[in-house]
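Working notes, beginning with the structure itself.
The values are calculated or read from the model by the stated rules, or taken from the named source; none is laboratory data. What you see is a predicted model; the values in this text were computed from it and never measured. Here Cβ is always computed from backbone atoms with ideal geometry, including for glycine, and neighbour counts include all displayed protein chains.
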Amino acid sequence: MNKEVSIRQMMYMYIFITLSSILREIPFALAREADRSGYLSPLWSTAALIPLAGVILLLIKAYPGLNIYEIMVHLTGKFLAKVFILAYLLWFMLILAARVNIYSLSLQFTLMPKTRSDFFMAVMIIMVFYALAKGIKTVFRFSEFILGPIVLLIAVLFVCAFTRLRADYLFPVSIAKLPSSIMASKSVIASGGIIIIALFFADKYGISVTKQQKRRLLYAILFFVLLTFVVTLFTFGVTGALSAASFPFPFYITVKSISFFNVFERFEVLVALICMLSDFLSICVLGVLILRCIGWLFNAKQELIFAVPVTMIIFYLTYFISSTQFEYDYIYNTLMLNLSLIFQYALPFFLALLSLGSGRRLKKPY
């Protein structure tokens, strides 16, 4: 069977779609919840992310060539599988609407403060429809080719900002604050848990999945944790935790003070564009996942016929979720984080326990 998507491409996509959260949302959330000790939170998140990687690998190994819906059908029956997929569908739609919303709010906060959000949404819809018309393989290859230069750019930013780090913004970390940093790691865990999309595309890998490919999933998670730690460290070290907690995009404020050997400036524009690209790919992937869930629910062979109705629902859902940064922050902290823990951790661990208990090993016929 020809592979439509490889695990390597999936891992590149995982890093790419989490970039906007790493650069924009996580430092802000950690600064508010854990103050100066928040830059330690990404390290604690490995206690949840690595077991999640183990669960994903267990299910891929036990059911090679099957996606998460087919695994659910074998473990729980078709009725419960459709109930779970319906829940995932609603959750993906909520995430997609929130992603469109924060994409618009971020551009208003950074590059185009006087432009209405309707314009940003319309541009994004056109871009997503054009990308998906080219096929999911093209979207994954785009992330594979462009991620390297973006990571290199971020590395240059860190080198340029190194001399601006202030030790008094980072140390000392009080032992009394460590529990707060552990609790604050929920934001990192929720963002990194999107790695479960690997199960939704598992039928695209082909039956044969090598040990080297499986290790890449673990490497991607470790890279996510490292990048989150470094971004948060530099944000707190240059701007300070107090200032980072006062702005919805503190890394953008941090980069405004950086120049490349006193020659090149305006790096913050590039950071905003990186987040825009990350949001674009996130919306593309979430759109594909929503259409796949609809196809599984209704046994539809042509999911694209639902693209226009889904787009209209997301458009109005975006306004229902929030219209300001304050409303978005409230929804994100009270609803989306907790739902993410359920759908990204509780349900996959439940499937893994059922798989271990049943001992069933199946292959998809080709």
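Kindly check whether there is at least one residue in the stretch 288-307 that is assigned to a loop (DSSP other than H, G, I, E, B) and within 30 Å of SER41 (Cβ to Cβ). So that I can check it myself, show each step before the final result.
The first filter runs over the stretch 288-307 and keeps only residues assigned to a loop (DSSP other than H, G, I, E, B), leaving 299-302.
Right, trim to within 30 Å of SER41 (Cβ to Cβ) and you get none.
Taking every residue of the stretch 288-307 in turn, none turns out to be assigned to a loop (DSSP other than H, G, I, E, B) and within 30 Å of SER41 (Cβ to Cβ).
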Please pick out the residue among ILE258, ILE253 that is over 22 Å from SER45 (Cβ atoms), in a loop (DSSP other than H, G, I, E, B) and touching a residue at least 12 places away in the same chain (Cβ under 8 Å). ILE258
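Could you identify the single residue in VAL139, VAL159 that is free of Cβ contacts under 8 Å to residues at least 60 places away in the same chain, surrounded by 11 or more Cβ atoms within 10 Å (Cβ to Cβ) and not hydroxyl-bearing (Ser, Thr, Tyr)? Working first, answer last.
Numbers: VAL139 fails: free of Cβ contacts under 8 Å to residues at least 60 places away in the same chain.
The unique qualifying residue is VAL159.
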Determine which member of the set ILE150, ILE102, ILE95, ILE146 is in a helix (DSSP H, G or I), surrounded by fewer than 17 Cβ atoms within 10 Å (Cβ to Cβ), modelled with pLDDT of 85 or more and within 18 Å of the chain's Cα centre (by Cα). ILE146
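Here is a yes/no grid of residues against (1) surrounded by 21 or more Cβ atoms within 10 Å (Cβ to Cβ); (2) over 20 Å from ASN67 (Cα atoms); (3) under 17 Å from the mean Cα position of the chain (by Cα); (4) in contact (Cβ under 8 Å) with a residue 12 or more places away in the chain:
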residue: SER278; (1), (2), (3), (4): yes, yes, yes, yes
residue: GLY287; (1), (2), (3), (4): yes, no, yes, yes
residue: ILE294; (1), (2), (3), (4): no, no, no, yes
residue: ILE313; (1), (2), (3), (4): no, yes, no, yes
residue: PHE326; (1), (2), (3), (4): no, yes, no, no
residue: TYR330; (1), (2), (3), (4): no, yes, no, no
residue: GLN344; (1), (2), (3), (4): yes, no, yes, yes
residue: PHE350; (1), (2), (3), (4): no, no, no, no
